[in-house]
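Heads up, the thing below is written out as structure tokens.
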Amino acid sequence: MTFRKLVSEAEHLISIGLSNLGHAGHKFELLDPPKPEFGDLSSNVAFELSKVYDVKPYQFAQEFVENYLRPIIRDEHEKGSLSMIASAEAHPGGYINFRTNNDTFSEITLSRALEDPSYGFWDVGGGRRVNLEHTSVNPNKALHVGHLRNVILGDVIYRILQFTNHAVKVLNYVDDSGLQVADIIVAFKFAGFPVEPPSKPMKFDRYCGDYVYVKVNELYPTKPSLLEKRRYILKELEVGQSELAKFASTIVLRVLLDQLTTCWRMKAHYDLVNFESQIVLSDLWDRTFDWLKNKGLVQLAKEGKNAGCWTINPERASDQEKVIVRSDGTLTYIAKDIPYAAWKVGFVNDPFSYREFCDQWDNTVLWTTTLDISQDKSEHPDFTSADKAITVIDSRQSRLQCIISCVLSKFQQSDNIYLHLGYEPVSLSSRTAHNLGTIIDAKHSVQMSGRKGIQVNADDLIDLVKLKAYEEVSSRHPGYSKERLEMLAESIAVSAVRYNMIKYDLDKNIVFDITESINLDGDTGPYLQYAYARAQRILEKSREKYCRAPLSKLNSEPEIRIIRVISKFDLVIENAARSLKPKILAKYVHTLATAFNVFYETTPVLKEDNREIRIARIALVNAFCKCLEVASGLLGIQSLKEM
RNA sequence: GGGCCCAUAGUUCAGCUUGGAUAGAAUUGCUGCCUGCGGAGCAGUUGGUCGAGGGUUCGAGUCCCUCUGGGCCCGCCA
């Protein structure tokens, strides 16, 4: 909040200086100096103007500072209109560096952080409505670590957008009429697989995915009749209503609830479950199809390999045309996605009624659509006609997502109304794949495959990290009850896994290694929690009541460092929200926690004899906690008072 | 064949949008720091031809081109 003010003051000064020099409006930039010696804010203005005057940047900088900036700073100080900037100086490197008045900077930053209940808030969205789709895992299997990246990325994006004044609805699309569901229905109905998991207790999603789905796929080569059954089932699923479809529906719901249990464990929030079957059964497709035909975006192929199919034109000439309606009249995957996308942004009338699906971990209601109008709740949130749709899916879907995006841009003249937020997938390290019994060649990593059973289960991962966390917590608190230790270990495990999935850039392929993933030291989620717990211990033991503290007493290097980080909070959140890069926030929170840890090691708080300094430091610890709590919250990481 | 992404320390990654000061973390190895508010920490140290070559520029890890190596996509599967 306050760093913004520093920047705007510097902008103001340079602008006046340039205008006095006769270069009003000349562009320049303000940036973070890489080292503290270079001051608090730097400008490249001398590089820009030195071209005009054909002198060395340093020479221009010296003269500009001496003859223009310093007099202006003096003036403004006399008028009392500068609160942040104390001085400017030219550096031999060519930059002009500004220094703050530390006393007032600390004072303003900390009092804002402590007193403003929405410190860090920045209005990026202006209340705009966003439909955010993530997770969308086929309902025939349990989540693996690849899905986890999707869930966590999506959920952090949700939290960031929600925080920056977007009205976000989180959608989870369930493909309940696709091939993968048909596979397990084949197994249950025609291959003799029992519907209940044998003997030992096992989550149903896991049983379906790890066992039934894998085994039935192994049967197909030797029993081709099963493939015919699968085709039959697919048809039935699309028509709906039959006994078989009803059976499939019960299976899907069971798997879905188990999947959601894993997602909720990761503290992900959803607003609506969309079922593909309902999109097919509604008239959403008909309306969209008519529209596509009217616009001339699709055509019926008369000859060639796609004869008898409706196809969609590619955006680029080099791409092939894409079949959306097969020659037998059934719809392809993409044909179901286009009306869904159009529905999200309100391009077609909403054919759905809405009912409550279930309650969630955060005491919110998860809704679902229904075609049965008698079930409609009159008071339900408005899910359709968002200003923007964001779909979180890995980059292997880029081509198809691009088609959807292109088609939607033809609906309405606005670009970017449909955004595919892509990311590179998670693969397994050769060591981890080897441990799973996968036969590997010399490749560095292995793609996961649910169908082949090559995957690391999401719950297993959390459990493993939890085990490690449990050992750590119980060794520190031998007297704690099992329940308390469990709770803490779970929270630590979730934070470790979440942080690990967002600290990398979206375009980075994560090579998942099980051994490395259980690490709780260094650049991890628990590191953040640990800094917070230490700070909390200080506050807990402090007997000072909160009072106006002399914040200007905080001028040691570690203190200034934390304050500097705190002052940039809203800038970082804005940046993360605009760029949709959760990583930016993860990096920030780590920097914040590190700054605190340095302070903690070097600077006594409770042991400080001078009362004024002591209460000022306590105020600093308070501000740190508040900032860390909000920032961690945006990552879905719980701030623990103890661990 | 066409398209997308990646390449920076032994390892995993920041930094590239908007070119500029000594290229930063984490981890590994080694060395210190608990009769101090919690050592899941802190400090120090070892470790880099920023894949290669060319171009633009006063200046390139960052921008442009070519090449090499790796990943992914291109179905009447989803």
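The values are calculated or read from the model by the stated rules, or taken from the named source; none is laboratory data. No experiment lies behind these values; they were computed from the predicted model shown. Counting neighbours? That spans all protein chains shown, and the Cβs are built from the backbone with ideal geometry, glycine included. Only protein heavy atoms, including side chains, enter the accessible area calculation; ligands, DNA and RNA are left aside. Shrake-Rupley method; radii C 1.70, N 1.55, O 1.52, S 1.80 Å.
Surface exposure of the range A:525-635, expressed per residue as accessible area with a 1.4 Å probe, stands at 42 Å². Taking label positions 7 Å along the Cα-Cβ direction at both A:Lys305 and A:Lys452, the computed distance is 2.4 nm, reported to one decimal.
Provide the per residue accessible area, probe 1.4 Å, for the range A:220-340, rounded to a whole number of square angstrom. Intermediate values should be presented prior to the final figure.
On the way: 5970 Å² over 121 residues.
Accessible area per residue: 49 Å².
I need the calculated FRET efficiency for the pair A:Tyr232 and A:Met487, taking r as the beta carbon distance and R₀ as 51 Å, to the nearest 0.05. Mind showing how you got there, number by number?
Details: r = 49 Å, r/R0 = 0.95.
E(calc), rounded to 0.05, equals 0.55.
Label separation (A:Leu467 vs A:Ser409): 5.0 nm, computed from points 7 Å beyond Cα along the C-beta direction.
Do the alpha carbons of any pairs in A:Lys5/A:Lys508; A:Lys336/A:Lys452; A:Lys482/A:Lys607; A:Lys267/A:Lys626 sit beyond 31 Å of each other, and which pairs? Working shown, then result.
Values: A:Lys5/A:Lys508 35 Å; A:Lys336/A:Lys452 26 Å; A:Lys482/A:Lys607 34 Å; A:Lys267/A:Lys626 20 Å.
Distance filter (> 31 Å) returns A:Lys5/A:Lys508; A:Lys482/A:Lys607.
Treating each Cα of the range A:1-136 as an identical point scatterer and summing with the Debye formula, the log10 of I(q)/I(0) at q = 0.11, 0.16, 0.21 Å⁻¹ comes to -0.49, -0.84, -1.23. In terms of distances greater than 31 angstrom between alpha carbons, the cross-link table entries A:Lys141/A:Lys295; A:Lys35/A:Lys583; A:Lys203/A:Lys235 yield A:Lys141/A:Lys295.
How much length, in nm to one decimal, is gained on full extension between A:Thr261 and A:Ile373, taken as 0.36 nm per residue of separation minus their Cα-Cα distance? The partial results should precede the final answer.
Working: separation 112, 0.36 × 112 = 40.32 nm, distance 2.84 nm.
Extending this stretch completely gives an extra 37.5 nm.
Which FRET efficiency value, to the nearest 0.05, is calculated for A:Val195 and A:Ser398 with the Förster distance at 25 angstrom and r the Cβ-Cβ distance? It comes out at approximately 0.10.
Ellipsoid semi-axes for chain A, based on the Cα gyration tensor and the rule √(5λ), read 52, 33, 22 Å when sorted largest first. Only Lys, Arg, Asp and Glu carry charge here, each on its Cβ (+1 for the first two, -1 for the last two); on that basis the range A:525-635 has a dipole of about 100 debye about its Cα centre.
Each label point was placed 7 Å from the Cα along the Cα-to-Cβ direction; for A:Asp460 and A:Asn416 their separation is 4.2 nm.
Listed by chain and number, the lysines whose alpha-carbon sits under 19 Å from that of A:Lys302, ignoring those within fewer than 8 places in the same chain, are A:Lys293, A:Lys322.
Considering only protein heavy atoms, what per residue accessible area in square angstrom results for the range A:2-100 with a 1.4 angstrom probe?
On the way: 4980 Å² over 99 residues.
For the range A:2-100, the per-residue accessible area is 50 Å².
The stretch between A:Thr250 and A:Asp505 holds 88.0 nm of extra length on full extension. This uses 0.36 nm per residue minus the Cα-Cα distance. Annotation: extensible slack from A:Tyr480 through A:Lys51 equals 147.6 nm (criterion: 0.36 nm per residue apart, minus Cα-Cα distance).
For a straight C-alpha distance cut-off of 16 angstrom, the aspartates and glutamates reachable from A:Lys189 (same-chain residues fewer than eight places away being disregarded) are A:Glu228, A:Glu236, A:Glu243.
Please report the carbon-and-sulfur percent of the accessible area for chain A; probe 1.4 Å, protein heavy atoms only, DNA, RNA and ligands left out. Each step should come with its number before you reach the end.
Working: 14390 of 29010 Å².
It is 50 percent, rounded to a whole number.
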